[in-house]
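Take a look at the structure set out below.
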Amino acid sequence: MSCCCNDNNAKVEEIIKKYINKPGSIISILQEVQEIYNYLPKDVLNTIAEKTKIKPAKIYGVATFYKQFRLNPIGKYLILLCQGTACHVNGSKKIESTILDDLKIKDGETTEDGLFTLNNVACLGCCSLSPVMMINDETYGNLTPEAVTEILKELKSQ
Amino acid sequence: MKIVVGLGSCGIAAGAQKVYDEIKNQLEARGANNQLEPVGCVGMCYLEPIIEFIDEDGKKYTYTKVTSDKVADILSGILDGQPLEDNIIESAETNKLSKQKRIALKNCGVINPENIHEYMEHNGYEAIKKCVQEMTQEEVIGEIKISNIRGRGGAGFPTWFKWNVAMNNKNDQKYIVCNADEGDPGAFMDRSILEGDPHAIIEGMMIAGYAIGAQEGVVYVRAEYPLAIVRLQKAIDQARELKLLGSNVFDSNFRFDLKIKAGAGAFVCGEETALIASIEGERGMPRIKPPFPAEKGLWQKPTNINNVETLANIPWIINNGGKAFADIGMANSQGTKVFALTGKIKDGGLVEVPMGTSLREVIYEIGGGIRDNKECKAVQLGGPSGGCVPKDLLDTLVDYEAITKTGAIMGSGGMVVMDDTTCMVDMAKFFLDFTCKESCGKCIHCRLGTKRMLEILTRITEGDGQPGDIELLEDLGNGIKEGSLCGLGQTAPNPVLSTIKYFREEYEKHIIDKTCPAKQCKALLTYTILQDKCIKCGKCLRNCSVEAITKDDNKVFTIHKDKCIQCGVCFDVCPVEAVLVN
């Protein structure tokens with residue numbers, strides 16, 4: 001795995017170099033680094049602190065403030081379940097129970113087989129299709145418990 | 001014959017990309033060279049995916065709820081001169097568009113947002129040209145003052161005033177910031193404008209920049225809007241290529257450029273000082289005002305921050321005159337407002353109406369009324385900062401002051417419609433759950449106060465409400481409003497206070513009678529089998545996960561309250577509706 005780590009290290013270096021002279025770029029750096037690893041490994045945060053001369057405590061403070069940043073790895077499929085007002089009124093709680101029944105995971109948890117992670121999110125902005133969820137880059141709207149079970153089954157079989 | 005397909009995020013979520021790809025395939029297979037373009041969301045989300053055929057005379061054939069398997073027939077019908085009747089839009093639907101007055105949304109669903117030339121064919125960049133070639137900074141601000149446009153992000157502050165203060169603060173470096181951190185759950189007006197007409201934002205920012213003397217702009221877009229970011233970046237690149245952005249805009253001394261800064265998931269960053277902190281790479285924690293951003297904003301320089309919808313109106317105001325804008329709407333609420341109509345509404349989506357339209361008109365004449373022809377119980381305006389307007393007040397006009405009088409706020413435009421299956425106590429708890437999680441933590445009133453309010457509301461919805469809870473919520477709510485630094489804390493109690501104001505009885509039923517009239521709060525529901533309806537199929541017993549249902553020797557099925565966890569599965573599976581919930 002060392003060649004992959006070296007590749008990733010090089011990518012992180014490149015990202016930092018891109019932003020080194022742009023003040024206020026820590027969020028952009030963390031966003032691009034998270035694209036590489038799918039989360040923010042602690043040692044990488046320390047590397048960023050070293051190279052940018054921003055204190056580790058400050059970087060950790062920013063990483064833990066914003067919901068987009070994850071300090072733990074996620075599953076192959078990230079389920080973003082919308083809990084916005086329209087989705088709530090149109091039954092997002094039932095969808096959440098279905099996911100709990102089918103995958104045995106709650107908000108913030110990953111299935112044991114590492115396939116699915118569930119994150120409740122505040123609003124995806126697709127309110128006319130409520131209830132809505134996004135799995136990786138795909139948006140699924142007009143959800144019913146049955147439809148959700150089908151979608152999860154399909155992804156499991158892939 | 002030009003063909004356009006609605007490709008906003010919700011259109012794509014409804015399957016429009018597949019439809020677009022299929023049309024492309026079919027055209028290639030036919031060897032046809034018809035122009036095929038993506039357009040933004042026209043706002044009729046309940047009809048997505050939508051495709052439109054436009055002939056040389058401008059006649060349109062609009063097809064709705066199109067799926068990729070229907071494309072071949074629809075395309076053949078049109079190209080062979082015999083348009084299909086199936087899926088064609090009904091005139092009642094197009095009439096709804098005519099009830100609207102589209103200024104901010106004028107290009108959405110009409111032009112290809114990824115083609116700057118289409119924007120320019122619709123008076124694009126004419127307004128900034130007029131400003132830099134014919135108007136002084138004071139004259140531009142003067143026109144905005146005549147329009148009296150007020151901030152569309154929710155605060156409703158007069159836009160000209162902010163521009164004027166920023167203009168008068170002398171500094172070599174100033175900034176224009178566009179607040180595209182549309183965090184209100186249930187609101188997607190700004191997303192649609194960014195996806196459907198990004199150049200309107202660029203031009204609006206350029207005009208603001210010219211007016212205040214700024215040469216740099218930042219658009220802060222929430223991370224949850226990836227398509228908006230892509231389309232806006234494309235628009236910026238195209239504007240730079242045509243030298244509309246950069247030095248010597250339209251051969252003047254004015255130079256302007258802008259960049260995008262993505263948010264990272266924090267509702268509080270919609271507050272202007274928290275937004276500035278976030279651009280500066282800090283935790284998004286609001287700062288005390290004064291000094292106001294117009295004096296000391298981004299990097300301590302004079303900064304003007306405007307909402308997406310506000311900026312989208314600016315080019316129209318310059319092109320048509322402030323008076324033309326002020327002539328629409330009401331005395332102190334001029335122009336139009338875009339609403340995201342969602343919830344229990346039949347025809348949900350985006351609508352833009354003149355100020356002064358009644359809520360009833362928006363919900364019934366444009367929104368088609370309530371699903372299943374039920375009665376409207378209330379409508380939530382302003383998201384987590386707002387309040388609910390009960391059905392008796394639906395004749396309230398869309399007007400900043402009129403809505404504030406009801407206890408709600410205009411807000412950014414989220415309008416969530418509710419019926420009798422919505423529990424108002426549960427809605428209050430829902431909003432508090434949101435604001436409590438999103439509190440940045442700086443002010444103890446907000447940080448702890450919202451948590452305590454949430455605890456009380458949770459107790460009430462779980463059957464553990466106590467006499468005095470309502471008064472405690474009111475007391476806490478007022479305290480949090482007074483003790484919070486920013487708009488998040490100052491408005492977090494609003495949904496609770498407004499539901500107590502109009503639905504106090506519903507709270508009392510939860511606390512004293514331990515019942516939930518809307519049948520939503522599971523802990524307060526009792527499930528009983530109606531013996532005269534029961535057909536003894538046993539489905540309820542087989543599906544009960546806690547063995548709370550038993551069958552006696554006479555095949556009488558009973559639900560045991562002490563074991564029942566009120567999951568509702570027996571109610572869902574019963575084929576004859578023999579399970580009573582109350």
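Where a number appears in this text, it was derived from the coordinates with a stated rule and is not lab data. The structure presented is a predicted model; accordingly, all values stated were derived computationally and were not measured. Because the Cβ atoms are built from the backbone with ideal geometry, glycine has one as well, and the counts that use them run over all protein chains shown.
What the table below lists for this structure:
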{"read-out": "Rounded FRET efficiency, nearest 0.05, which uses the C-beta distance separating A:LYS22 from B:GLU241 and R0 of 30 Å", "value": "0.85"}
{"read-out": "Gyration tensor (Cα) of segment B:490-582, equivalent ellipsoid semi-axes in angstrom", "value": "34, 12, 11"}
{"read-out": "Compactness relative to 2.2 N^0.38 Å, alpha carbon Rg of segment B:121-271", "value": "1.02"}
{"read-out": "Total formal charge among the other residues, if their Cβ is under 12 angstrom from that of B:THR64, Lys/Arg +1 and Asp/Glu -1", "value": "-4"}
{"read-out": "Residue-averaged [θ]222 nm for chain B, counting only DSSP H segments that reach four residues, each worth -39500 (n - 2.57)", "value": "-11500 deg cm²/dmol"}
{"read-out": "DSSP bridge orientation in the protein assembly as shown - percent antiparallel, rounded to nearest 5", "value": "55"}
{"read-out": "Cα gyration tensor, segment A:77-157 - rounded (a/c under 1.5), prolate or oblate", "value": "prolate"}
{"read-out": "Exposure proxy order (Cβ contacts within 10 Å, fewest to most) of B:MET189, B:MET1, B:MET205", "value": "B:MET1, B:MET205, B:MET189"}
{"read-out": "Antiparallel DSSP beta bridges within chain B, percent to nearest 5", "value": "60"}
{"read-out": "P(r) of segment B:2-98 over all Cα-Cα pairs, binned every 10 Å from zero, in whole percent", "value": "16, 54, 28, 2"}
{"read-out": "Charge-dipole axis of the protein assembly as shown as Lys and Arg at +1 and Asp and Glu at -1 on Cβ define it, positive-most pick from A:TYR140, B:VAL221, B:LEU79", "value": "B:VAL221"}
{"read-out": "Rounded, prolate or oblate (a/c below 1.5 giving rounded, otherwise prolate when a/b exceeds b/c) for chain B by Cα gyration tensor", "value": "oblate"}
{"read-out": "Degrees, to the nearest 10: B:444-461 long Cα axis against longest axis of chain B", "value": "40"}
{"read-out": "Radius 13 Å from Cβ of A:THR110, net charge of other residues (Lys, Arg +1; Asp, Glu -1)", "value": "0"}
{"read-out": "Lys, Arg +1 and Asp, Glu -1 on Cβ, resulting dipole of segment B:526-581 about Cα centre, debye, nearest 20", "value": "100"}
{"read-out": "Environment charge of B:LEU454, counting only residues whose C-beta is closer than 13 Å and scoring Lys/Arg +1, Asp/Glu -1", "value": "0"}
{"read-out": "Value of Rg/Rh across the protein assembly as shown [Cα atoms, Kirkwood radius]", "value": "0.97"}
{"read-out": "Alpha-carbon gyration tensor eigenvalues x 5, square-rooted, for segment B:336-418, Å", "value": "17, 13, 12"}
{"read-out": "Degrees between helix A:56-65 axis and first principal axis of chain A (Cα, 0 to 90, nearest 10)", "value": "20"}
{"read-out": "For chain A, alpha-carbon Rg relative to the globular expectation (2.2 N^0.38 Å, N residues)", "value": "1.20"}
